[in-house]
Structure formats: structure tokens, C-alpha cells
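Enquirer: Just passing along the structure, written as C-alpha cells.
The values are calculated or read from the model by the stated rules, or taken from the named source; none is laboratory data. Predicted, not measured: the structure shown is a model, and the values here were computed from it. Here the Cβ positions follow ideal geometry from the backbone for every residue, glycine too, while neighbour counts run over all protein chains shown. Heavy atoms of the whole protein, side chains included, go into the accessibility calculation; ligands, DNA and RNA do not. Shrake-Rupley method; radii C 1.70, N 1.55, O 1.52, S 1.80 Å.
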Amino acid sequence: MKILIADDEPLARSRLQSLLGALNGWQVIGEAANGRQVLERVQQHQPDVVLLDIRMPGMDGMEAAEHLNKLPNPPAIIFTTAYDQYALQAFKNHAVDYLLKPIKQQQLEQALQAATQLTRAQLQSLAQLQQEQETSPLHISARVQSGVRLVPISEVLYFLAEHKYVTVCYQAGEVLIEEPLKSLEQKFADQFIRIHRNALVAKQFIAGLRKDKEGRVFLQLRHGDHQLEVSRRHLPQVRELLRSLSAAGD
């Protein structure tokens, strides 16, 4: 069985290497120091299990787990953490498998024998736990032919719902995801504003409003020539945002 070790601390990775070396039937096929590396290594080496540290710089373990589960054959995940008792209780409530640092060999062996892929319910629980900690993902992930593509949230112009898919328009192109618009709105409430029942737009890229001959109102963005209509229902909220942005710039 192949294992990937993910931890931003070299000493922690070395300790896990030593513990796993004393167990039969497990092979360490690689290491990662952050969430982006985790996704790259998993797609490259196809491990059976990822020992995934929660707190890593940039993309943390919880966000990495969400992206990993979009792979065609995702690995089993065991979180490793130095969290306090309050946070550990939250993990227990969400039924997510974890190992508390410093990790002991017997606990590691038991966890590996019981390791399974995360369920949809567990992923939803992790997303809820992130919101409780007032953190939000740094990336959107989309299934593509080569595996999973990461799009930095800072580059996303808007989300547009069409049928069962949502188009993610970002500065370098577009991808399709299956996550509901309502879920995206909850995750990124501080960064995006709803302008229509089918559209969320990044606040940082809004430049202004324009009206056509029929009286319809469209949003002007700072990048590209995008035609995004603002519904009457959401127009007051958009105008209020523009006033606040203008006041902040004065």
C-alpha cells in the first residue's frame, strides 16, 4: 500500500517516515509540504493513503482534501493535527479520522488499517468546520481530462450557473464545476456578490454599471468584455457596494 506524507515541518515528515518504516506492507512514495504539492503528488504517484497535516501554509489540509476527492480515484485520507481538545471534539463530531501529534506507532497502524475515502457527508462537515474557523478555500478545483485543475479564487471574475453546472470564469479562461451557486455564495460571501439568481461576481473586479436601450442594467468588469445582467432584485445591493467602493477610494 502506497502512502504520501504531507506536512510542512521536515521533522514531522521524518518522524512519520521512521514510524512507517517499522510497519510491514506500507511504502512511502513521496512527501509534500503544502496543499498544492499534495494534489500534484497524488496525481503523479496515485497513493492509496495520504497522511495529511491540517495546518500548512497556503492551501491547508481541509481544502486539499476537498480537491483530492474530485479525482477519479481519490486516496484515503488520515488527518494529522496538533489541535487542542475543542477542535478535536469538532473532528469527532464530524466523524473524520485523525491522528493527534506526536503520533504513536500503534495509533498510526490502527488508523492505516481502517483508512477509507472521505464521504460526501464528511467533506460537507469539513467545509462547515472551515466556516466555523472563519477560513475559506484559496482555490476552486475542477475536474479536467488530465485530473484536477486548481483556479486561485483571487483570479475568479464570476460564477455563472447554467443547468446542472457552474461556469467559473477567471482571468486565464473558464472551467466547469458541479458545486451549487448557493454553496459558493456561502463559502465566499466576503469576496463575491450575487447580481442575479444565476451569477456571483468578484467584488474586486467590479468597475461600474451601464444601461442598454431596453433599460436592462449590466455590470462592467475590469477584465474582458463580459455581458452580465443585474436583476432588479439585486440591483440595490450592487449599487450600495459600488457606493462603498467609491467612498473607500476617496
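Enquirer: Among Gln110, Gln145, Gln171, which is the only one that is more than 14 Å from the chain's Cα centre (by Cα) and within 30 Å of Leu19 (Cα to Cα)?
Expert: Criteria check complete, one pass: Gln110.
Enquirer: For the range 188-232, give me each residue that is modelled with pLDDT of 90 or more, polar (S, T, N, Q) and in a loop (DSSP other than H, G, I, E, B).
Expert: Gln191, Asn198, Ser231
Enquirer: Quick check on my filter: what residues within the range 46-65 are open to solvent by less than 40 Å² (accessible area, probe 1.4 Å) and part of a loop (DSSP other than H, G, I, E, B)?
Expert: If the condition is that a residue be open to solvent by less than 40 Å² (accessible area, probe 1.4 Å) and part of a loop (DSSP other than H, G, I, E, B), then Pro47, Ile54, Met56, Met59, Asp60 are the ones that fit.
Enquirer: Going by the conditions given, is Glu179 outside any loop (DSSP other than H, G, I, E, B) and either open to solvent by 20 Å² or more (accessible area, probe 1.4 Å) or farther than 14 Å from Leu221 by Cα (or both)?
Expert: Considered against the rule, which asks whether it is outside any loop (DSSP other than H, G, I, E, B) and either open to solvent by 20 Å² or more (accessible area, probe 1.4 Å) or farther than 14 Å from Leu221 by Cα (or both), Glu179 comes out as no.
Enquirer: Oh, and also: Which residue out of Gly208, Gly224 is more than 25 Å from the chain's Cα centre (by Cα) and touching a residue at least 60 places away in the same chain (Cβ under 8 Å)?
Expert: The unique qualifying residue is Gly224.
Enquirer: Please count how many residues of the range 66-90 are within 16 Å of the chain's Cα centre (by Cα), surrounded by fewer than 23 Cβ atoms within 10 Å (Cβ to Cβ) and either part of a helix (DSSP H, G or I) or at pLDDT below 85 (or both).
Expert: Number of matching residues: 1.
Enquirer: Continuing with the same structure: Quick check on my filter: what residues within the range 14-50 are among the basic types (Lys, Arg) and touching a residue at least 60 places away in the same chain (Cβ under 8 Å)?
Expert: Those that are among the basic types (Lys, Arg) and touching a residue at least 60 places away in the same chain (Cβ under 8 Å): Arg15, Arg36.
Enquirer: Across the range 124-175, what is the number of residues that are modelled with pLDDT of 95 or more, open to solvent by less than 10 Å² (accessible area, probe 1.4 Å) and of a type outside the set (A, V, I, L, M)?
Expert: 2
Enquirer: Within the range 233-250, can you find the residues that are open to solvent by less than 70 Å² (accessible area, probe 1.4 Å) and at pLDDT 90 or above?
Expert: Once the filter is applied, which keeps residues that are open to solvent by less than 70 Å² (accessible area, probe 1.4 Å) and at pLDDT 90 or above, the range 233-250 yields His234, Leu235, Val238, Leu241, Leu242.
Enquirer: So, of the residues in the range 1-45 that are outside any strand (DSSP E or B) and of a type in the set (D, E, K, R), which turns out to be surrounded by the most Cβ atoms within 10 Å (Cβ to Cβ)?
Expert: Taking the candidates together, the pick is Asp7.
Enquirer: Given Leu11, Leu4, which one is without any contact (Cβ under 8 Å) to a residue 12 or more places away in the chain and among the aliphatic types (A, V, I, L, M)?
Expert: Being without any contact (Cβ under 8 Å) to a residue 12 or more places away in the chain and among the aliphatic types (A, V, I, L, M) holds for just one of Leu11, Leu4, which is Leu11.
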